[in-house]
Amino acid sequence: MEDDVPIIKWVSLMILDAINSKKSEISISIEPAPKLILSGEEVIPSKEITKKIINRLKIMSKLAPMKYHQRTEGEIKLRANGIDYDISSSFLDTRDNQTCTLKIKL
């Protein structure tokens, strides 16, 4: 649990940064190489960090983090800067790949 604290903070800061920058979409993919795209800007975290980010986003979306081999959709409710945000989340997990897309309703 203690190892997850930096991931929890990082995911919260990532979403807050997207909101403050008025970015409406965040895309995350693990294969063929881990990458994180914030409205067109690419960041490349390690594969292990990317898996933890996706699992954290599943938990925030009230979905089972270990559910694989299907598309799942959820919603994250978040309050930032005194404003309530609805963030739709879409996850596609296969044997070789995990992807996540967040759409922030600004």
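Could you tell me which of the residues ALA64, ALA18 is modelled with pLDDT of 80 or more and assigned to a loop (DSSP other than H, G, I, E, B)?
Of the residues listed, the single one that is modelled with pLDDT of 80 or more and assigned to a loop (DSSP other than H, G, I, E, B) is ALA64.
Which of (1) assigned to a loop (DSSP other than H, G, I, E, B); (2) surrounded by fewer than 15 Cβ atoms within 10 Å (Cβ to Cβ); (3) modelled with pLDDT of 75 or more is the odd one out, the single condition ASP96 does not satisfy?
The failed condition is (3).
Considering ILE76, ILE49, which residue is out of contact with any Pro (no Cβ under 6 Å at 6 or more places or on another chain), of a type outside the set (Asp, Glu), assigned to a helix (DSSP H, G or I) and under 23 Å from VAL5 (Cα atoms)?
ILE49
Taking only segment 67-76 into account, find how many residues are touching a helix residue (DSSP H, G or I) at 6+ places or on another chain (Cβ under 9 Å) and at pLDDT 90 or above.
Residues meeting the conditions: 2.
For segment 75-93, name all the residues that are surrounded by 17 or more Cβ atoms within 10 Å (Cβ to Cβ) and not aromatic (Phe, Trp, Tyr).
The answer is ILE76, ILE87, SER89, ASP93.
The values are calculated or read from the model by the stated rules, or taken from the named source; none is laboratory data. These numbers come from a predicted model, not from an experiment. Cβ: placed from backbone, ideal geometry, glycine included. Neighbour counts: every protein chain shown.
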